[in-house]
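Notes for the one structure printed next.
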Amino acid sequence: MGAVSSLQQIADAVGARLLGDGRAQVRAVASIESATPEDLVFVEDEKHLAAALKSPAGAVIAGPFAETFAATVDGTRPLLISDHPKLAFARAAHFLQVGFPGDDSKPQGSKRQAAVVHASAVVDPSVVLGPGVLVEELAVVAERVNIGQATRIGAGCAIGSGVKIGHDCEIYPHVTIYPGTTLGDRVIVHAGAVLGSDGFGYVRDRKTGRYEKFPQVGRLVIEDDVEIGANATIDRGALDETRIGRGTKIDNLVHIGHNCQIGEDVVIAAQTGLSGSIVIENGVVLGGQVGIGEHARIEAGVMLGGQGGVLPNKVLRGKGVAFWGTPAQPVREYLKQLAALARLAKK
């Protein structure tokens, strides 16, 4: 993690209420089991508070339940009280690592330094690198690429011509970004991901039975604060664009086909596959190994359980409604059908 920070600095940064010595300092976050006196830990449930207070941790983030209980167990351990301890802990981890905007005590990804390009990297002279950009070993950056400040391009990455990458992005090793792709700010792309490749689009000649490639000349746009898992693949649009909305989180080994429109704050778990021209609205949660057919629409707030299947052109709607099975249906209906089948099997 980063430099040492006082508990008062952390409390102010994450919006927690501090009980105890605000001058006490921590350096990192940890689990209760592995904590040292320089670590910050958290508890969401009162039943784990005693273990946290008995650990060597320098301070504990906990919910309001901790105030009275802590006074009877350990009145000297600093506490940061938050209505959402896990979120406060995540923000504290970020603060300890890079600081928050406006905090001059943290390095902020070398924003005030010149870009650094490893001697083995190949960077076209037309490329624009912002302050603090780091291009690591054997990366290849093609012509007319624009990379924003404090972004890191990992070893062995291949960045195609005309790609635009925002500031404070983390592109891990061996990521391939095809020409014309745009990434917003604070985007994280894990190792081996492929962004902007051709979609799976072909036209069958009825006379010969052969398949001919349909043009794949659209774009891929990744908005701010998106995270893309290792070996995920996202296709460019065929004629228009594929778009991944702000704050969406995509797990490892996910495939998103051409022309898909993914909304904001969507969560997609591993091994999910999306066919072309699918619309996923804001706040949708897709479990692992979900499969969705082309031109389907998943409306805002729907939750689709693991291995759920949606047929082409279908619409799932109902904010907060959980769907399950193939074809996907509300989980209560799915469970009723399973129960009915079980009864029939006994007859």
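The table below lists the values:
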read-out	value
Filter result (of a type outside the set (Lys, Arg) and over 16 Å from Gly237 (Cβ atoms)) within the range 168-186	Asp168, Cys169, Glu170, Ile171, Tyr172, Pro173, His174, Val175, Thr176, Gly184, Asp185
Residue in the range 273-291 that is out of contact with any strand residue (DSSP E or B) (no Cβ under 6 Å at 6 or more places or on another chain), within 20 Å of Tyr172 (Cα to Cα) and either in contact (Cβ under 8 Å) with a residue 24 or more places away in the chain or open to solvent by 30 Å² or more (accessible area, probe 1.4 Å) (or both) present	no
Residue match in the range 197-219 (condition: under 30 Å from Gln149 (Cα atoms), touching a Leu at 6+ places or on another chain (Cβ under 8 Å) and assigned to a strand (DSSP E or B))	no
Residue list for the range 315-328, restricted to those being closer than 19 Å to Asn282 by Cβ and without any contact (Cβ under 8 Å) to a residue 24 or more places away in the chain	Val315, Leu316, Arg317, Gly318, Gly320, Val321, Ala322, Phe323
The range 213-226, residues that are surrounded by fewer than 16 Cβ atoms within 10 Å (Cβ to Cβ) and either touching a His at 6+ places or on another chain (Cβ under 9 Å) or of a type in the set (Phe, Trp, Tyr) (or both)	Phe214
Tally of residues being in a strand (DSSP E or B) and either among the small types (Gly, Ala, Ser) or closer than 19 Å to Asp198 by Cα (or both) across the range 280-291	1
Conditions (1) more than 20 Å from Glu227 (Cβ to Cβ); (2) open to solvent by less than 40 Å² (accessible area, probe 1.4 Å); (3) among the aliphatic types (A, V, I, L, M); number of the one not met by Ile256	(1)
Failed item in (1) charged (D, E, K, R); (2) free of Cβ contacts under 8 Å to residues at least 24 places away in the same chain; (3) open to solvent by less than 70 Å² (accessible area, probe 1.4 Å), with Arg210 passing the rest	(3)
Selected residue (only one of Val194, Val187, Val140, Val226 is without any contact (Cβ under 8 Å) to a residue 40 or more places away in the chain and not aromatic (Phe, Trp, Tyr))	Val140
Scope the range 235-264; condition closer than 18 Å to Val285 by Cα and in a strand (DSSP E or B); matching residues	Arg243, Ile244, Lys249, Ile250, His255, Ile256, Gln261, Ile262
Selected residue (criterion: nearest to Thr68 (Cα to Cα)) from residues of the range 1-55 that are in a helix (DSSP H, G or I) and open to solvent by 60 Å² or more (accessible area, probe 1.4 Å)	Glu46
Selection within the range 295-347 - aromatic (Phe, Trp, Tyr) and either surrounded by fewer than 13 Cβ atoms within 10 Å (Cβ to Cβ) or not in a strand (DSSP E or B) (or both)	Tyr334
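For every residue, the table says whether it meets (1) farther than 22 Å from Ile222 by Cβ; (2) at pLDDT below 95; (3) touching a Ser or Thr at 6+ places or on another chain (Cβ under 8 Å); (4) part of a loop (DSSP other than H, G, I, E, B).
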site	(1), (2), (3), (4)
Gln113	yes, yes, no, yes
Glu137	yes, no, yes, yes
Glu143	no, no, yes, yes
Gln149	no, no, no, yes
Gly156	no, no, no, yes
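The values are calculated or read from the model by the stated rules, or taken from the named source; none is laboratory data. From a predicted model like this one, the values you see are computed outputs, not experimental measurements. Backbone-built Cβ (ideal geometry, glycine too); neighbour counts: all protein chains shown. Only protein heavy atoms, including side chains, enter the accessible area calculation; ligands, DNA and RNA are left aside. Shrake-Rupley method; radii C 1.70, N 1.55, O 1.52, S 1.80 Å.
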